[in-house]
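Here the structure is laid out as structure tokens; the discussion comes afterwards.
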Amino acid sequence: MGNLSQVNTGSGDGKGVQQDVVVVRAEELGDLVKGVLKAAGADQRNADRVAEALVSSDLCGVQTHGVWHLAGYVKAIKDGDIIPTAWPEILNETPTTALVSGNWTFGHVAAKYAMDVAIEKAHAYNVAVVGLVKAGHIGRLGEYVEMAAEKGLIAQLWGGGYSEEVPAAAPYGGRKRALHTNPVAMAFPVGTGAPMMFDFATTAIAGVKIVDARDQNKPLPPDSIIDKDGNPTTNAADFFEGGAHVPFGRHKGYAFMMAAEFLGMILTASDTHTDPQRGGPIFRHSGAAFIVIKPDIFRPMEDFLAHAEKICSRIRSIPPAPGFKEVITPGDPEARTRAARLREGIPIPKGLWQKISELPRA
């Protein structure tokens, strides 16, 4: 299973690092994930969906949300935080809104269900706002907004509420943890090719990267975290000794972080749907807001798509600055990496491959 080699494990930006990896075909990786989840108690449809989500993330180079999490999901099932056979449901709705309960199934299952509801409502009524509560880790947010863009829709996704029990990020200017990584994603359809899409945590770095830096004894990029006294540090161990994430872009990222808290938790009322036996300390209070809009509400669809393609082409035609090979638009790195890895296979760090390969499988 898989072929050992040494490759650049970057996400399409040419800034990855060389390390020993096992190159695995997407189908092989998906089968492994399904087998592990079924052995842990998941039913077939949930195992299929989670495998789809994790492999999709690794395919597009966002390995912080791929199979790295598989062992954690198995543990969450054993701990009772995830009900591996549960299915989402709509708690209440209007023509343009809905509140979806994940019923503590896998977050990937619940989030896809919520986005499907939002897409259907937006197609019928031009706009839709769907809240999601009682769900575990939903994975790469970009996957869900891409779903909408592929249907010719504009989409936003905001996640919040992760800091109620386990804060991880300091507010701008603060020295103590009070917030969390609060992710945001948006996607816009374009005439041809991949959508214009972005998906990021509102902290300067993802939590998984801090764990990996600590485990590999490597420094973090400057301005990624602070230590327990509020001083900037590149030592990942400082985070686990009372340090904290910091917002990306200083006060501007902090504003996005707060907006995600308002939309993800306060708007959805996710903090009123908690269950002390489910979700775990990070996801027990969390929620997500899915906002979907038809692009033709103010101009014909063909006009919107043509103009979208025109502006993307104009941006890509800008000469690159020193140190850059080209100018790209948001979403290009993921689309390029996905295409390459579908052809060539997915590079999985050797240590991670060994870890997930040793998990029990059905």
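The values are calculated or read from the model by the stated rules, or taken from the named source; none is laboratory data. Predicted model only: the values in this text are computed from it and were never measured. We place every Cβ from the backbone using ideal geometry, glycine too, and count neighbours over all the protein chains shown. Please note that ligands, DNA and RNA were not included when accessible areas were found on the heavy atoms of the full protein model with its side chains. Shrake-Rupley method; radii C 1.70, N 1.55, O 1.52, S 1.80 Å.
Structure notes:
- Sole residue being under 29 Å from Pro281 (Cα atoms) and either buried (at least 21 other Cβ atoms within 10 Å of the Cβ) or under 19 Å from the mean Cα position of the chain (by Cα) (or both), chosen from Ala148, Ala118: Ala118
- For Met257: the one exception among (1) closer than 30 Å to Lys78 by Cβ; (2) buried (at least 24 other Cβ atoms within 10 Å of the Cβ): (1)
- Residues of the stretch 56-113 that turn out to be open to solvent by less than 50 Å² (accessible area, probe 1.4 Å), among the aromatic types (Phe, Trp, Tyr) and more than 30 Å from Lys350 (Cα to Cα), as a count: 1
- Flag if Arg314 is among the charged types (D, E, K, R), part of a loop (DSSP other than H, G, I, E, B) and without any contact (Cβ under 8 Å) to a residue 24 or more places away in the chain: no
- Number of residues in the stretch 328-355 that are of a type outside the set (D, E, K, R) and open to solvent by less than 40 Å² (accessible area, probe 1.4 Å) equals 13.
- Tabulated pairs, the stretch 42-69, first among the basic types (Lys, Arg), second open to solvent by less than 20 Å² (accessible area, probe 1.4 Å) and part of a helix (DSSP H, G or I), C-beta under 7 angstrom, 6+ apart or interchain: Arg49/His108; Arg49/Val109
- All positions within the stretch 91-115 that are more than 22 Å from the chain's Cα centre (by Cα) and among the β-branched types (Val, Ile, Thr): Thr94, Thr96, Thr97
- In this structure, Arg250 does satisfy being touching a residue at least 40 places away in the same chain (Cβ under 8 Å) and open to solvent by 70 Å² or more (accessible area, probe 1.4 Å).
- Residue in the stretch 211-228 that is touching a helix residue (DSSP H, G or I) at 6+ places or on another chain (Cβ under 9 Å), assigned to a strand (DSSP E or B) and open to solvent by 30 Å² or more (accessible area, probe 1.4 Å) present: no
- For Val130, the conditions (1) open to solvent by 30 Å² or more (accessible area, probe 1.4 Å); (2) more than 28 Å from Arg341 (Cα to Cα); (3) within 18 Å of the chain's Cα centre (by Cα) all hold with the exception of (1).
- Given (1) touching a Phe, Trp or Tyr at 6+ places or on another chain (Cβ under 6 Å); (2) farther than 30 Å from Leu32 by Cβ; (3) open to solvent by 60 Å² or more (accessible area, probe 1.4 Å); (4) not aliphatic (A, V, I, L, M), index of the condition Glu309 fails: (1)
- Lone qualifier among Ala306, Ala269, Ala206, Ala236 - being out of contact with any Ser or Thr (no Cβ under 6 Å at 6 or more places or on another chain), closer than 24 Å to Gly331 by Cβ and among the hydrophobic types (A, V, I, L, M, F, W, C): Ala306
- Just one of the listed residues (Ala187, Ala169, Ala155) is at pLDDT 95 or above, farther than 22 Å from Leu59 by Cβ and open to solvent by less than 10 Å² (accessible area, probe 1.4 Å), namely Ala169.
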